[in-house]
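First up is the structure itself, then whatever we jot down about it.
The values are calculated or read from the model by the stated rules, or taken from the named source; none is laboratory data. Computed from a prediction, not measured in an experiment: that's the story for all the values here. For neighbour counting, all protein chains shown are included, and Cβ atoms are generated from backbone atoms with ideal geometry for every residue, glycine included.
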Amino acid sequence: MNAPERIIPLQSRTDGGCATAPVLRERGQREVFCGLTGIVWLHRKIQDAFFLVVGSRTCAHLIQSAAGVMIFAEPRFATAIIDERDLAGLADAQDELDRVVTRLLERRGDIRTLFLVGSCPSEVIKLDLSRAALRLSQRFAPQVRVLNYSGSGIETTFTQGEDACLASLVPGLPASDAASLVVVGALADVVEDQFARLLTQIGIRNVGFLPARHSDAMPGVGPYTRYLLAQPFLAETARVLENRGARRIAAPFPLGVEGTTRWLQAAAAAFGIGADVVDQATASARSRAQAALARQREALQGKSIFFFPDSQLEPPLARFLSRELGMRLTEVGTPYLHREHLAEELALLPAEARLSEGQHVERQLDRCRAERPDIVVCGLGLANPLEAEGLTTKWAIELVFTPIQGYEQAADLAELFARPLRRRELLAA
Ligand code: SF4
């Protein structure tokens, strides 16, 4: 039986906005992708890594259909299928895994990091992937490092796969005693390049990105490392970075002009650089982005929006849509609400926005139908039925696959919401 919904007060260090508003906590059936999905963007980001899912044909289909078929490049992900013999305990899965990995690494000399990615079936048969990773790492060092994490639907939702993957990288990061900034969270290369340029112009030296594009370029970490989250779903990565002495810079997330400016200002302040320097370095990018956003505001101003929980990006997206585009927030659902990492975001959300954490999909659908919002952000499974009921939807997954952070992408982000509204208006005309 599903647990009843509970309303709990949100503890936060900040005042104002939604920081002290109650949060509707729900536990029940949920409609969210599993953490394997993260491979779709992570394999593009870390260019010499390979992701070997230890799972079933279902897992293989999920990854193949989410990532699309690569025609010109050798793929950098695959699934080692656990079949009935493994499930029945008739085969030694560790031996089989060793054979698969050896064949793969002999054939692919370009791989520097191999991730063994756990799934529901590997968990069910209790296949110890950490033991396998240690054994295989010893065997293939120093050319290849073998790591493991879980993308299983039992343990993770959607973006938590990235968190688990990045957390697995942290123990192997080089030790560093230098003062440095590490931007944490996979960003599209174009966005990373823009941020690297801006941070340099602001005067912050020694900037690294986790993950880096290549295994030998991962940033060092130590007691003088300050880290800045670029994504709101990295709780475990943050925890293990702090275990290595790094300290988080509290900031909103770099979505929209305001979010990006505050994010850069927080980084600058941590290195003793004033907001005026940030203003100067970002002036032209800001004014370009504001002009582009003004055009999108015409389409979005006053429109209501409802978020089903999916990626944990929902609170920063809601803040951007409400404050920079004048949208009206009805419900802002998120699978998990990390109160500390989101404190700055929650303080900026309008007090009337209803925050919900977790999911009881039937109850949430009832609330959504009662609100009849102009646009609903949800997973693929809910989008079609809601469209059939006459609601306009936006697939949450697109917001993770698309470069949306930073000034240059602010209008593209707004366009992702304006487009379905325009399509609906055309259909209705
Ligand atoms: S990990 Fe679990 S939820 Fe994800 S595709 Fe495989 S079986 Fe399905």
Identity of the residue in the stretch 103-118, closer than 22 Å to VAL170 by Cβ and part of a loop (DSSP other than H, G, I, E, B), that ends up nearest to the ligand (Cβ to nearest atom): ILE111
Which one of the conditions (1) modelled with pLDDT under 95; (2) farther than 24 Å from GLY245 by Cβ; (3) surrounded by fewer than 22 Cβ atoms within 10 Å (Cβ to Cβ); (4) not polar (S, T, N, Q) does ARG205 fail to meet, given that it meets all the rest? (2)
Can you find even one residue in the stretch 161-169 that is more than 30 Å from PRO335 (Cβ to Cβ) and either assigned by TED's automatic domain parsing to the domain that holds LEU313 or in contact (Cβ under 8 Å) with a residue 24 or more places away in the chain (or both)? no
Pairs, please: C-beta under 6 Å, at least 6 apart or cross-chain, first residue more than 30 Å from CYS378 (Cα to Cα) and in the stretch 137-158, second part of a strand (DSSP E or B) and among the aromatic types (Phe, Trp, Tyr)? LEU147/PHE115
May I ask you to list the residues in the stretch 217-235 that are within 20 Å of the chain's Cα centre (by Cα) and among the polar types (S, T, N, Q)? GLN231
Residue in the stretch 47-70 that is modelled with the lowest pLDDT, counting only those that are surrounded by fewer than 18 Cβ atoms within 10 Å (Cβ to Cβ), more than 15 Å from PHE401 (Cβ to Cβ) and within 13 Å of the ligand (Cβ to nearest atom): GLN64
Looking at (1) buried (at least 18 other Cβ atoms within 10 Å of the Cβ); (2) without any contact (Cβ under 8 Å) to a residue 24 or more places away in the chain, find the lone condition where ALA196 falls short. (1)
Residue under question is SER168, and the condition is that it be touching an Asp or Glu at 6+ places or on another chain (Cβ under 8 Å), small (Gly, Ala, Ser) and crowded, with 18+ Cβ neighbours inside 10 Å; does it hold? no
Residue list for the stretch 262-315, restricted to those being assigned by TED's automatic domain parsing to the domain that holds VAL332, part of a loop (DSSP other than H, G, I, E, B) and surrounded by 14 or more Cβ atoms within 10 Å (Cβ to Cβ): LYS303, PHE308, PRO309, ASP310, SER311, GLN312, LEU313
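Just to be sure, is ARG339 in a loop (DSSP other than H, G, I, E, B) and in contact (Cβ under 8 Å) with a residue 60 or more places away in the chain? Can you show your working first?
Working: in a loop (DSSP other than H, G, I, E, B): yes; in contact (Cβ under 8 Å) with a residue 60 or more places away in the chain: yes.
So ARG339 passes the test.
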